[in-house]
Amino acid sequence: MLRITRAIEFSASLRYRRADLSEEENRRRFGPRASHHGHNYRLEVTIRGEPDPASGMVLDLKDLNDLLEREVMSRFDHRDLNGDTPYFEKRLPSPENLATVIAEILREALAPGLFDRIRLYQDRDLWVDVVEP
Amino acid sequence: MITVSRRYQFAAAHLLRQPHLSDAENVRIYGKCANPNGHGHNYGLEVTITGPVNPDTGRIIQPERLDEIVRHRVLERFDHAMLNEDPLFQGVVPTAENIATVVHGQLESAFAGQGGARLLHVRILETGRNQFDYGEMP
């Protein structure tokens with residue numbers, strides 16, 4: 001079993017806001033995160049598998065790059081997580097939830113069995129791992 | 001499995017020495033780390049928590065709550081302190097291995113009642129060139 005990790009970086013804005021709560025209640029619950037703000041996210045994507053005996057590769061890195069460009073960068077880079085994506089109407093754009101969304105997208109997009117884990121850094125000092133059993 | 005991790009720092013002094021051994025024996029085992037007057041590091045500490053994501057907050061644990069636990073149980077105790085003088089290191093040589101183990105022990109019990117969050121793993125970075133892991137790696 002071999003693992004390969006590829007990193008990408010994207011910048012997005014967000015706010016923690018529940019539509020069913022007042023502005024005041026949102027601010028009380030979520031503090032500064034209720035304000036419109038942004039992060040430079042770093043995403044490390046790890047895939048696993050056996051290298052193809054002929055090519056010597058688990059997956060062509062160019063294909064992985066293209067996939068990450070299509071599935072992650074085009075959806076999230078220089079976008080607003082609340083306004084420009086459909087994923088956070090019913091859940092908050094916390095790093096836990098964003099990582100869960102990205103993991104679901106990549107599990108779906110990658111050939112079966114390839115997804116191993118992702119690590120999503122919200123900043124240097126906070127990150128979330130989603131790991132396949 | 002989903003985990004959230006956070007990075008902290010503390011600056012501490014220590015020296016490596018087994019009291020029942022001679023100075024020469026200690027130097028043989030620990031080299032310059034046995035310097036009798038001690039030395040220090042900027043320790044990096046990474047704490048990894050796992051558990052269910054609370055639908056109301058979107059979080060496994062509120063980062064402010066995690067910071068408070070780590071500050072209260074580890075940073076206030078070890079930051080700008082001489083580790084060899086701490087009761088937790090009486091009879092325990094404060095190697096990075098033992099620091100990781102002690103820090104894990106300090107934190108583990110703090111997560112009871114935190115909505116199912118539990119400590120998975122701690123990593124001690126003693127310098128930029130070495131790191132020590134204790135607990136279950138995600």
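Nothing in this text is a laboratory measurement; each read-out follows from the coordinates by a stated rule. Bear in mind that the values here come from a model prediction, so they are computed numbers and not experimental data. Because the Cβ atoms are built from the backbone with ideal geometry, glycine has one as well, and the counts that use them run over all protein chains shown.
If you take the residues in region B:28-55 that are farther than 30 Å from B:Gly113 by Cα and among the charged types (D, E, K, R), which one is nearest to the other protein chains (Cβ to nearest Cβ)?
The extreme case among them is B:Lys32.
Can you give me the number of residues within region B:2-27 that are more than 9 Å from chain A (Cβ to nearest Cβ), within 28 Å of A:Asp129 (Cβ to Cβ) and surrounded by fewer than 17 Cβ atoms within 10 Å (Cβ to Cβ)?
Adding up the residues that qualify gives 2.
Output the residue which, of all residues in region A:109-126 that are touching a residue at least 60 places away in the same chain (Cβ under 8 Å) and in contact with a Phe, Trp or Tyr (Cβ under 9 Å, 6 or more places away or on another chain), is farthest from B:Glu64 (Cα to Cα).
For region A:109-126, the residue satisfying everything is A:Arg119.
With respect to A:Leu106, determine if the residue is in a helix (DSSP H, G or I) and closer than 25 Å to B:Glu64 by Cα.
In short, no.
Do we have A:Val130 as under 14 Å from the mean Cα position of the chain (by Cα) and surrounded by 12 or more Cβ atoms within 10 Å (Cβ to Cβ) here?
It is true that A:Val130 is under 14 Å from the mean Cα position of the chain (by Cα) and surrounded by 12 or more Cβ atoms within 10 Å (Cβ to Cβ).
Take region A:81-92 and flag every residue that is crowded, with 16+ Cβ neighbours inside 10 Å and either more than 9 Å from every other protein chain (Cβ to nearest Cβ) or closer than 16 Å to A:His37 by Cβ (or both).
Correct list: A:Leu81, A:Asn82, A:Thr85, A:Tyr87, A:Phe88, A:Leu92.
Could you please give the count of residues in region A:93-129 that are more than 9 Å from every other protein chain (Cβ to nearest Cβ) and β-branched (Val, Ile, Thr)?
Selection size over region A:93-129: 4.
Residues of region A:96-108 being surrounded by 12 or more Cβ atoms within 10 Å (Cβ to Cβ) and without any contact (Cβ under 8 Å) to a residue 40 or more places away in the chain, which ones?
A:Glu96, A:Asn97, A:Ala99, A:Thr100, A:Val101, A:Ala103, A:Glu104, A:Ile105, A:Arg107
Out of the residues in region A:1-34 that are crowded, with 18+ Cβ neighbours inside 10 Å and away from chain B (no Cβ under 14 Å), state the one that is farthest from the chain's Cα centre (by Cα).
A:Ala12
Collect the residues in region B:54-111 that are among the hydrophobic types (A, V, I, L, M, F, W, C), touching a residue at least 12 places away in the same chain (Cβ under 8 Å) and not in a helix (DSSP H, G or I), keeping them in residue-number order.
B:Ile60, B:Ile61, B:Ala81, B:Met82, B:Val93
How many residues, within region A:58-77, are assigned to a loop (DSSP other than H, G, I, E, B) and either surrounded by 12 or more Cβ atoms within 10 Å (Cβ to Cβ) or among the small types (Gly, Ala, Ser) (or both)?
Final tally of qualifying residues: 3.
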